[in-house]
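In what follows, a single structure is set out as structure tokens and then discussed.
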Amino acid sequence: MKSRRSWWLIFWAGTLCVMAALVWVSAVVLELEQRENIARADARFQESLRLALWRMDSWFAPRLAREAARPYFEYLAFYPQERAYTKILNVIEKGEVLTPSPLLSQRSEFFPIYFQINADGSLTSPQVPTQSQRDLAEATLVSGELIDASAALLNVVRAMIERVDISQRIGAAETQLAAMSCEPATPPPQVANAPSQAFDQQVQTKWSQQELSKRAQSYNNAQKAQQPSSQQLANQDGKDVAGQTAARGDFSAEQGVNEKSAREEPVPPQVTVGSLVPLWLQGVSTKHESAVEGLIFIRRVQVGDKACMQGFLVDWSHLRPALLEQISDLFPKADLALLGQIGQSNAESDRALASIPVTLRAPREPIALNSLITPARTTLGITWLAAAIAVAATGITLRSSIIYGEKRSRFASAVTHELRTPLTTFRMYSEMLAEGMVRDEAQRQTYLNTLKSESGRLATLVENVLSYARLEDGRIVTHVQSTTVAGFLDRLQDVLRRRAADAGMELRIVNEAGDAPIALDIEAAGQILFNLVDNACKYANQAADRTIELTARLENRGLCLMVLDHGPGIATEHARSVFAPFERGPHKPGDTIPGVGLGLALARGLARDLGGELTLDCDNVDHTTNGACFKLRLPIR
């Protein structure tokens, strides 16, 4: 019992260690899976965030690039043409022809008002002409109500720029941008946190400057191109001149006028246009319903020795929903918030747009961590199931091993006891007979019969042990013989009756099958019946009815042999245990019934080896008296 308890303590200690290790591994694996899910969700969020910023910048950048490339003179309601001609190619004096600015009649959804801050600090707009220009605009291009609405927006801009020093703000931004790009603080500057947009602005601004320079250079080119023609006309004789004049007609006179005009035109001033700089003008309050959040884009313009600033107001109330619409499929609940001035550090600068100083605020979607079926959980579930099966199998194996060891121990003890009794009897009786101590012939015969009985008992014990060993090893060899039921019983009845007589009992054989032919292993079947009769002799020899009944009949194309006694019987709860090896069934303490618990186990094993079955049949027992009935079914070949 102590050894059994030790083995179970070792088993449970090992089981607890395995379970603790599995719990730790499971916790680590689930934590790693959770971290991996969070990392994947964060990567997807960052990728969606970059895509959202790219979409908004890609949508707004072309609009901003068009404004950056806009010529400086379009910020005047009517600007004079540098050169104009009549239908007959006569030069019109500079300033005589005025062209309406495209901004005069243009109304943008996102840029409601364009403005220009002159060198003297005055604020004008190409959409708000004054005096006679307004009369001309109302008569030909726009209505007065539209001009009044633009004037109201211009007052909003005026209220914005009066609160701050615009020149200082632009200068600070240009200085910071120049320091970031390692370039001199000259236009066009690079917008902070927006390399791609700054590059587009630089390209568009340089293109605009090149166009303006081409327009200024055209005057010099025209003057140089006309110079050789005038010299040739001066050096030719009068005859050639008269001939060319007659051939060209009136165009020669016009050409001379044009050449003179080209020589007298001055060289246009150098024009420098800076990049558009976004500025948030906070703290602006206005009662105008069209007022926006205070975002303007402004640039420096240098025309010769004259400087000004040009820009436009952004209608943030319309631009913001338009930007968010571009990313509605990625972030339906996103929002845009003020980032601050250009170059200002901000914790959310990685979410800032390249073209507008705003940052994207997109809520993260909750991470689904409560899914029951995941790769890690599936693996852990299989591992736990395998561990549980392994522990259960180990426990069952340990229990079976302990029980089997205890049975073998009991078997060894019983065999030792069973062997000691006949050996002791053999030794004592043989010594007495050998030394001539038994002189009475009747007593001498009694001793010889006892030795014969003990030798038979010893032979039966040894044969059962050897037969069970061969059965366990699968070394039983079947010898099938053809006979009849009557012949089979006649061959066994002497041995069976003798065993019953030794126990003081009577064997009664009932053959209901007659001379039906059968083919079976007679030796194996005889050993089964002998063990059943021997079992009845051991446990029913004290009954009032000391008769053992052996009945043979044919059932379901097979031979059925029943051995019935009238002893104490076997309880139903012990019907299965009596066939277990080394198990002798229920018996009272102090019982002297011999045996090692192999008779019934060997009998059932031999029956199954022959293709039959041995069972305890309680239906054939007369319940008015006690008794046990064993039924042996064997196939007939």
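Key figures
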quantity: Sole residue being modelled with pLDDT under 85 and in contact with a strand residue (DSSP E or B) (Cβ under 7 Å, 6 or more places away or on another chain), chosen from Ala544, Ala575; calculated: Ala575
quantity: Hey, Glu36 modelled with pLDDT of 85 or more and not assigned by TED's automatic domain parsing to the domain that holds Val156 or not; calculated: yes
quantity: Test result for Leu550, under 25 Å from Leu634 (Cα atoms), under 60 Å from the mean Cα position of the chain (by Cα) and in contact (Cβ under 8 Å) with a residue 40 or more places away in the chain; calculated: no
quantity: Members of segment 25-81 that are touching a helix residue (DSSP H, G or I) at 6+ places or on another chain (Cβ under 6 Å) and either among the small types (Gly, Ala, Ser) or without any contact (Cβ under 8 Å) to a residue 12 or more places away in the chain (or both); calculated: Ser26, Ala61, Ala65, Ala68, Ala69, Ala77
quantity: Residues being surrounded by 14 or more Cβ atoms within 10 Å (Cβ to Cβ) and either assigned to a helix (DSSP H, G or I) or in the same structural domain as Ala607 (by TED's automatic domain parsing) (or both) - total across segment 422-443; calculated: 6
quantity: Among (1) over 26 Å from Gly14 (Cα atoms); (2) hydrophobic (A, V, I, L, M, F, W, C); (3) touching a helix residue (DSSP H, G or I) at 6+ places or on another chain (Cβ under 8 Å) - the single one Val391 does not satisfy; calculated: (1)
quantity: Residue selected from segment 108-164 under the condition out of contact with any strand residue (DSSP E or B) (no Cβ under 8 Å at 6 or more places or on another chain) and basic (Lys, Arg), by the criterion nearest to Val314 (Cα to Cα); calculated: Arg163
quantity: Odd one out for Ser453, checked against (1) surrounded by 15 or more Cβ atoms within 10 Å (Cβ to Cβ); (2) touching a helix residue (DSSP H, G or I) at 6+ places or on another chain (Cβ under 7 Å); calculated: (1)
quantity: Qualifying residue in segment 151-163 (condition: surrounded by fewer than 16 Cβ atoms within 10 Å (Cβ to Cβ), at pLDDT below 85 and either in a helix (DSSP H, G or I) or not assigned by TED's automatic domain parsing to the domain that holds Leu64 (or both)); calculated: yes
quantity: Failed item in (1) outside the structural domain of Arg66 (by TED's automatic domain parsing); (2) part of a loop (DSSP other than H, G, I, E, B); (3) modelled with pLDDT under 80, with Ile373 passing the rest; calculated: (3)
quantity: Residue in segment 108-150 that is nearest to the chain's Cα centre (by Cα), counting only those that are small (Gly, Ala, Ser) and not in a helix (DSSP H, G or I); calculated: Ser108
quantity: Odd one out for Phe78 among (1) of a type in the set (A, V, I, L, M, F, W, C); (2) in the same structural domain as Ala354 (by TED's automatic domain parsing); (3) under 57 Å from the mean Cα position of the chain (by Cα); calculated: (3)
quantity: Criterion: among the small types (Gly, Ala, Ser), touching a residue at least 40 places away in the same chain (Cβ under 8 Å) and farther than 24 Å from Gly274 by Cα - qualifying residue of Ala137, Ala151; calculated: Ala137
quantity: Condition check for Ser482: modelled with pLDDT of 85 or more, in the same structural domain as Gln527 (by TED's automatic domain parsing) and either of a type in the set (Gly, Ala, Ser) or under 58 Å from the mean Cα position of the chain (by Cα) (or both); calculated: yes
quantity: Check on Ala414, surrounded by 13 or more Cβ atoms within 10 Å (Cβ to Cβ) and in a helix (DSSP H, G or I); calculated: yes
quantity: Elements of type strands (runs of 3 or more DSSP E) in segment 454-571, at least 1 residues being farther than 17 Å from Leu600 by Cβ and among the hydroxyl-bearing types (Ser, Thr, Tyr); calculated: 481-484, 547-555
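The values are calculated or read from the model by the stated rules, or taken from the named source; none is laboratory data. What you see is a predicted model; the values in this text were computed from it and never measured. Cβ: placed from backbone, ideal geometry, glycine included. Neighbour counts: every protein chain shown.
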